[in-house]
Amino acid sequence: MKLRKPFKTVVLVLIWGWILLFVLAPNLLVVMTSFLTRDDAHFIRWQATLENYLRLFDPDYLAVFGHSFYMALVTTLLCLLVGYPFAYLLSRLRAGVKPYLLFLVIVPFWTNSLVRTYAMKLLIATNGLVNQTLLGLGWIDTPLRLLYTETAVIVGLFYVLLPFMILPLYAIFEQLRPELLEASGDLGAGTWQTFRRVVLPLTMPGIIAGCLLVLLPAVGMFYVGDVLGGAKNLLIGNVIKNQFLDARDWPFGAAISLLLTLAMAMLLYAYYLSVRLIRRPHAHAELA
Amino acid sequence: MTRLKTSLWAVCLFLGTAVSAEEKLLYLYNWSEYMPEQVLEQFEKETGIRVVYSTYDSNEAMYAKLRLLDKKNSYDLVVPSTYYVSKMRREGLLAKIDKSRLKNFANLDAKLLNQPFDPDNSYSVPYLWGSTGIAVNTDKVEAGTVSKWRDLWNPAFKDRLLLTNDMREVFHMGLRVLGYSGNDTDPAHIEAAYHELKKLVPNVRAYNSEAPRMPYLEGETDAGMIWNGEAYMAKDENPAIDYVYPEEGVILWLDSLIIPTTARNVDHAYQFIDFILRPEIGALISEEIGYASPNRAAVDTLDEAVRNNRTVYPTAEDLENSEFQIDVGEAITVYEKFWERLKTAGD
Amino acid sequence: MPMLNWLKHAYLWFVYLLLYLPIGVLVFYSFNASKNPYRWGGFSWHWYERLWQNSSLLEAAMNSLLLAVSAATLSTLIGPLTAVALHRYRFRGKRFLNSMLFVVMMSPDIVLAISLLALFILIGVQLGYVSLLLAHVTFCLPFVVVTVYARLSGFNPQILEAARDLGAGDLRALVTVVLPIIFPAVLAGWLLGFTLSLDDVVVSMFVTGPTFEILPLRIYSMVRLGIKPEVNALATVLLLLSLATLIGSQFILTRKGERKT
């Protein structure tokens, strides 16, 4: 009985301290910085302005943001199309094999995503493996220009982020009891119907979690844009990085970053809504 | 037992990286591909000072990084271009150079000393000078068809060009093409250059200042901007890659060694600078990476082939219409604004 | 139906191929004697020798490993405590704490990176090992908390009550009763933290300094430069190391399981 209070206090102080210092404070700093002015030598000047936000609506920047989101969306879609069946099949395997196969999905992470992006470059460069194979097989005459294109960035993002789609989907499929599928079949539903009305709604939280875990990093992974994208396929992350490490325009970088966070918040709210919908079977029946 | 062994091994791993606290170190921050490994190794062998080497690909990135690091954490030697030496000098970021500690200083070519960007070389020691011109892969582009900056605007080059990731150099090209000086400070001229460069953007495949020769060697780009040293190294691997001095004038620059005021190993920095100023080291650097040495004594001992190589040491004819990069003062913010817009307008 | 079975297996293999092809290419070319990676010049250990001699690359790799180990360990010290607190205790602002953790988990790396950089500059934390460690723990923490919390949710609180009835204080109950039960989750959390830290590029590039060179920064210019076969060799070594660690941890888990029965 004696140890209870101090222990609890210590733990709470530690946790609150960490969260306040390293999560709340930095984000507040970013918000604050976005309303200040740029200073050449010291990064920020204490002069409030809305100019950074106005700059966001410059057509050049809007075009970049749009293109970046587009690439991220395509990446997410690709990851979903490839990852969904994979996660399902993985979850239906023998219990003894599953952990190892799951590990095999995670192992590539330990070679660092920059290395993996570079490996992708080895494949798609003009002198790379893909071109060499295709030329060798005689399917093409001149090498394909794969590197420094939008496709290269999307493929690079897809490759690095696929495991992030697989893992939450796998988790949700693990919870999907096969008896439900059987029951649906017994009640006369065909495979497609079972999928559409049973599997899809039940796995929706996993789908959305996976999509969020892919979409949000995808717009920020500037190194993929740098290594594979060349001059023209900037990601929002590239723009932000330039502001902080090259152009030294921290307020503008902060404003872009806030825009990104807002977009994230909206997506998360959509996630929250969808999860609530799933949890309320009555509401769902009403919708159907 | 095995658990004890593993924990011991883990402890050793931790300690191993902490041991380096005793070593003699020198934190050198330099352009990438701008220092042969051999030089660093030889320096360490002779003096026992280990060089911790980091690189940057643009003056802007270097400057941003230096601004981020404080007294306890900074670099000892950095190699900015002329206009950044003046900028940093004005802002009080540079430590004064005590020339009495550099016995080899006299080796330097007097023509390159005492320049406006650093009168009397109080703050900087010239390291290498060079030019930024045009690279042409003669396997893909007919030799002789590209002799001016203007030729790069040819729509036939769509998606085939490389530009260095350097704000001043790209705008220098844009300004020259319009007949202005590459060191122009008039905002109207700079904006005009921006609009002209925007027309070039569809031709640009990539920006690269890490190692501009690589996209040429890999076949990703066929023509564009390049530094002369990179062209020199490229020709070594692929003789088809030519370096062309553009008619409107090649861009000349000089990079110098400076010691930031926040440097921690100032002694080691002086030892390194003196080491670099030796004729044989200066010659080695020039021969390895193809840039021109400001060290007169070094140039005298150079390999004939390198001394007569026009890519490394241009003739007077090559240098017609050329301009050295100089400080543009306040106008730099105008350049920065338009450079940012140019790079974002990529799509 | 065997056709369908075959199709299923083929699909699994296909996706694994997708995941491992680029890495496989790396491993393959790490043994390539020719410098030009696109031409096979025969089997050779040459690049591994060069890697061994490249002290700066090795040091960067060691630093990254050190960082990953310390970040994972620190997260698994704070994480389970947080999970237990969230699970056991009632306190004000619990939902706020939850959402903060969620925010970190979902934040794009770049937002995390710049916000932490701004903080470190403001409060004067030296950019190097310390700043990196703090940053890495911050983004590993939520994942560890979630993993342990999930395990705690499925855990019968009556066992804890029983321990308390028998006279154990909070700390004692935690160590002797709760910890063994959540151990697999803690280990999983550690592995997750280790993975996230090793894989990180964005945050590391922002909050690092010259005194603590880590792998992503060192190879960033190398991979943009073009092909550097030493990087291939390094990637292969890292891959083998990770496989060994995973097999090892799996071994530990099964041994523990066996001991229980």
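The values are calculated or read from the model by the stated rules, or taken from the named source; none is laboratory data. Owing to the predicted nature of the structure, the values given are computational and were not obtained by experimental measurement. We place every Cβ from the backbone using ideal geometry, glycine too, and count neighbours over all the protein chains shown. In case anyone asks, the SASA skips ligands and DNA or RNA and just uses the protein heavy atoms, side chains included. Shrake-Rupley method; radii C 1.70, N 1.55, O 1.52, S 1.80 Å.
In this simple spin-label approximation, residue B:44 and residue A:171 carry label points 7 Å from Cα along the Cα→Cβ vector, and these lie 4.4 nm apart.
Using r as the Cβ-Cβ distance of residue C:243 and residue A:47, and R0 as 51 Å, what FRET efficiency do you calculate, to the nearest 0.05? Display every interim value, and only then the final one.
Details: r = 54 Å, r/R0 = 1.07.
After rounding to 0.05, the efficiency reads 0.40.
For the stretch B:44-51, putting each phi into the Karplus relation 6.51 cos²θ - 1.76 cosθ + 1.60 with θ = phi - 60° gives couplings of 5, 4, 6, 9, x, 8, 8, 8 Hz, in residue order, rounded to whole numbers and with x for Gly and Pro. Computed from the alpha carbon atoms alone, the convex hull of chain B holds 170 Å³ per residue. A Förster radius of 45 Å, combined with the Cβ-Cβ distance separating residue C:161 from residue A:197, puts the computed FRET efficiency at roughly 0.55. Computed over chain C with a Gaussian network model linking Cα atoms closer than 10 Å, the most mobile of C:192, C:57, C:119 is C:119. Counting Cβ atoms of other protein chains within 10 Å of each Cβ in B:60-68 and taking the mean gives 5.
With a 1.4 Å probe and every protein chain left in place, work out the accessible area per residue of chain B in Å², rounded to a whole number.
Working: 13660 Å² over 347 residues.
Computed with neighbouring chains in place, this is 39 Å² per residue.
Tell me which DSSP H helices of chain C clear both cut-offs, 27 Å or more of axial length from alpha-carbon atoms and a mean Kyte-Doolittle hydropathy of at least -1.0. Don't skip to the end; give the middle numbers.
Details: long enough: C:2-30 (40 Å, 1.20); C:55-88 (49 Å, 1.14); C:129-153 (35 Å, 1.64); C:179-199 (29 Å, 1.68); C:229-260 (47 Å, 0.60).
Helices meeting the criterion: C:2-30, C:55-88, C:129-153, C:179-199, C:229-260.
Heavy-atom accessible area buried between chains C and B is around 2000 Å² (1.4 Å probe, both sides summed). Just name one of C:116, C:191, C:98: the one whose Cα is farthest towards the positive end of the charge dipole of the stretch C:85-204 (beta-carbon charges, Lys/Arg +1, Asp/Glu -1). Of C:116, C:191, C:98, it is C:98.
Keeping all protein chains in place, calculate the accessible area per residue for the stretch C:56-108 (probe 1.4 angstrom), answer in Å². Intermediate results must be reported in sequence, preceding the final value.
On the way: 2100 Å² over 53 residues.
Using a 1.4 Å probe on heavy atoms only, each residue of the stretch C:56-108 averages 40 Å².
Accessible surface buried by the B/A pair amounts to about 2600 Å², both sides summed, 1.4 Å probe. For residue B:50, the residues 5 or more places off, or on other chains, whose built amide H falls under 5 Å of its own are B:24, B:25, B:26. Residues in the stretch B:237-248 carry Karplus couplings, in order, of 8, 9, x, 6, 8, 9, 10, 10, 8, x, 4, 5 Hz; the curve used is 6.51 cos²θ - 1.76 cosθ + 1.60 with θ = phi - 60°, and Gly or Pro positions show x. Atom-type composition of the exposed protein surface of the protein assembly as shown places 63 percent of the accessible area on carbon and sulfur (1.4 angstrom probe).
Leaving out ligands, DNA and RNA, calculate the buried accessible area for the pair A and C with a 1.4 Å probe, summed over both sides, in Å² to the nearest 100. The partial results should precede the final answer.
Numbers: alone 18340 and 16610 Å², together 26840 Å².
Buried surface at the A/C interface: approximately 8100 Å².
Think of the protein assembly as shown as having a plus end and a minus end, set by charges on the Cβ of Lys, Arg, Asp and Glu; of A:129, A:201, B:284, A:201 sits farthest toward the positive end of this dipole. Residues considered: C:113, C:71, C:150. Largest GNM mean-square fluctuation over chain C, using C-alpha springs under 10 Å, is found at C:150.
Overall, chain C carries a charge dipole of about 500 debye about its Cα centre when +1 sits on the Cβ of Lys and Arg and -1 on the Cβ of Asp and Glu, all other atoms neutral.
Using a 10 angstrom cutoff on alpha carbons, build the Gaussian network for chain B and name the most mobile of B:150, B:67, B:50. Comparing B:150, B:67, B:50 in a Gaussian network model of chain B, the most mobile one is B:67. Its Cα centre serving as origin, chain B has a Cβ charge dipole (Lys and Arg +1, Asp and Glu -1) of approximately 1200 debye.
For a quick check of your reading of the filter: which chymotrypsin sites (Phe, Trp or Tyr not before Pro) in the stretch A:25-73 sit in a DSSP loop and have no more than 15 other Cβ atoms within 10 Å? Numbers along the way, then the final one.
On the way: sites: A:35, A:43, A:46, A:53, A:57, A:61, A:65, A:69, A:70; in loops: A:35, A:46, A:57.
Sites meeting the loop and neighbour criteria: A:46, A:57.
Panel note: contact residues of the stretch A:58-83 (accessible area lowered by at least 30 Å² against the chain on its own; 1.4 Å probe) correspond to A:60, A:61, A:64, A:82.
Can you find, among B:298, B:34, B:69, the residue sitting farthest towards the positive end of the charge dipole of chain B, where Lys and Arg contribute +1 and Asp and Glu -1 at Cβ? Of the candidates, B:69 comes out farthest on the positive side.
Dividing the Cα radius of gyration of the protein assembly as shown by 2.2 N^0.38 Å, with N the residue count, gives 1.00.
Which of rounded, prolate, oblate describes the stretch B:253-347, given a ≥ b ≥ c as roots of the alpha-carbon gyration tensor eigenvalues and a/c under 1.5 marking rounded, otherwise prolate only if a/b is larger than b/c? In terms of gyration-tensor shape, oblate.
Quote the FRET efficiency, to the nearest 0.05, computed for residue B:145 versus residue B:320 with a Förster distance R0 of 30 Å and r equal to the Cβ-Cβ distance.
Details: r = 20 Å, r/R0 = 0.67.
The value I calculate is 0.90.
Averaging 1/r over every pair of different alpha carbons in chain C and inverting the result gives a Kirkwood radius of 21.4 Å.
Take each uninterrupted DSSP H stretch in chain A, measure its Cα extent along the helix axis, and return the ones at 24 Å or beyond whose mean Kyte-Doolittle hydropathy is at least -0.5. Kindly include the intermediate steps, with their values, before the conclusion.
Numbers: long enough: A:59-91 (46 Å, 1.28); A:150-175 (37 Å, 1.60); A:200-220 (30 Å, 1.98); A:250-279 (43 Å, 1.37).
Qualifying helices, which must be both long enough and hydrophobic enough, are A:59-91, A:150-175, A:200-220, A:250-279.
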